[in-house]
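Worksheet: the structure to be examined is printed underneath.
Read-outs throughout are calculated quantities, based only on the coordinates presented, and are distinct from any laboratory measurement. Model, not experiment: these values are computed from the prediction. Here the Cβ is made from the backbone with ideal geometry for all residues, glycine too, and neighbour counts use every protein chain on show.
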Amino acid sequence: MNRQTKIILGVASFWPLCWILILFAFLFLMALTDELFQDDTARTHLFLLLPLYMLLVVTVLDILALLVIYAIDLIRNPGLDNEKKALWVAVLVLAPFFAMPAYWYLYVWVGRPEE
């Protein structure tokens, strides 16, 4: 895997965590400034929440694609025994926001020389 591919995979791996931070920042700002939702029209809600929903769709597709990529990488990784592979699969499925950046750093960025 070349350096550019590793960097793209790293950005994709860190994106779900970034999306969570964006969501919490938006909700925090919304709680601080009630003026965002004082107008109860559906158009205002749609205008403010539509970008978050679109980012949610992108994030879910990103997580699903990364699950497939990392599952294939786990199968092909000779440096892991079967117990560690099973553990990584469980962690990647149950906590993808934190496990994907960790797996990328440990086994893609640091653990593998460039080809």
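Structure values in brief
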{"item": "Span per principal axis, largest first, for the Cα atoms of the stretch 3-109 (Å)", "result": "58, 27, 19"}
{"item": "Contour minus Cα-Cα distance for residue 90 and residue 5 (0.36 nm per residue)", "result": "28.1 nm"}
{"item": "Under Karplus coefficients 6.51, -1.76 and 1.60, residue-wise ³J(HN,Hα) of the stretch 47-58 in Hz, glycine/proline x", "result": "4, 7, 9, 4, x, 5, 5, 5, 5, 5, 4, 4"}
{"item": "Proxy reagent accessibility, fewest Cβ within 10 Å first, across 69, 63, 75", "result": "75, 69, 63"}
{"item": "Spacing of the two label points (7 Å from each Cα toward its C-beta) at residue 25 and residue 75, in nm", "result": "3.8"}
{"item": "Pairwise label distance in nanometres, residue 106 with residue 64, each label 7 Å out on the Cα-Cβ vector", "result": "2.7"}
{"item": "Rounded to whole Hz, the Karplus (6.51, -1.76, 1.60) HN-Hα couplings of the stretch 87-103, x for glycine and proline", "result": "5, 5, 4, 4, 5, 5, 7, 7, 9, x, 4, 9, 6, 5, x, 5, 5"}
